[in-house]
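J.: Quick one: this structure, given as structure tokens, is what I'll be asking you about.
The values are calculated or read from the model by the stated rules, or taken from the named source; none is laboratory data. As the structure is a computational prediction, the values presented were derived from the model and not from experiment. Cβ sites come from the backbone with ideal geometry, for glycine too, and all protein chains shown count toward neighbours. Ligands, DNA and RNA are excluded from the accessible area calculation, which covers all protein heavy atoms including side chains. Shrake-Rupley method; radii C 1.70, N 1.55, O 1.52, S 1.80 Å.
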Amino acid sequence: DKYQLTAVFKLSNINLRYFVCSTSGKVIGVDINPCPNQPCQLHKGNSYTVNVTFTSNVNSDKSTAVVHGIVGGIPIPFSIPVPDGCRSGIQCPIKTGQTYNYQASLPVKTEYPSIKCVVEWELRDNGNEDLFCIKFPVQIVN
């Protein structure tokens, strides 16, 4: 696990600024790839990898990702191809005190507007409570 975590951080050239929006699990690190500058420039038609390393403070049989772009304070759903966290690098069931490396794909649809926004990424447990919640700034560009 230690070596896997090190590899995640070496993918990015910068320390990604992110904000934790839930105190449920402990977020250890976040990496968006590719993202050479901040805010991350997400090009329409491309796909980006989101890696979150976290320690769970609950047991859960399943995990589901819920992703929004927050524009003017309004959350707008972003669909991701595999919302099931148990198929995104996490071995379920999730156990209290264990550290996990969640990895998912964020496709940027061509119909998205060219705007700056904040991505809110939650991974929820059986009871629909956050295993983690992070926010990071992005700019959607052509």
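J.: Which residues, taken from the stretch 100-142, are buried (at least 18 other Cβ atoms within 10 Å of the Cβ) and more than 18 Å from A65 (Cα to Cα)?
T.: The answer is C117, V138, I140.
J.: Inside the stretch 62-115, can you point out the residues that are assigned to a strand (DSSP E or B) and among the aliphatic types (A, V, I, L, M)?
T.: Restricting attention to the stretch 62-115, the residues satisfying the condition of being assigned to a strand (DSSP E or B) are 64-71, 74-78, 84, 94, 99-107.
A65, V66, V67, I70, V71, I74, I76, I94, A104, L106, listed by residue number.
J.: Find the residue count for the stretch 53-75, including only residues that are in contact (Cβ under 8 Å) with a residue 40 or more places away in the chain and farther than 13 Å from R124 by Cβ.
T.: Filtering the stretch 53-75 down to residues in contact (Cβ under 8 Å) with a residue 40 or more places away in the chain leaves 53-58, 60-71, 75.
With the extra rule that they be farther than 13 Å from R124 by Cβ, the set shrinks to 53, 55, 57, 69-71, 75.
So the count comes out to 7.
J.: Out of everything in the stretch 17-39 that is within 13 Å of the chain's Cα centre (by Cα) and open to solvent by 70 Å² or more (accessible area, probe 1.4 Å), what residue ends up being farthest from L131 (Cα to Cα)?
T.: R17
J.: Among the residues of the stretch 44-61, what is the count of those that are more than 26 Å from P34 (Cβ to Cβ) and either part of a strand (DSSP E or B) or in contact with a Cys (Cβ under 9 Å, 6 or more places away or on another chain) (or both)?
T.: First, the residues of the stretch 44-61 that are more than 26 Å from P34 (Cβ to Cβ): 55-61.
Cutting the leftovers down to either part of a strand (DSSP E or B) or in contact with a Cys (Cβ under 9 Å, 6 or more places away or on another chain) (or both) gives us 55, 60-61.
So the answer is 3.
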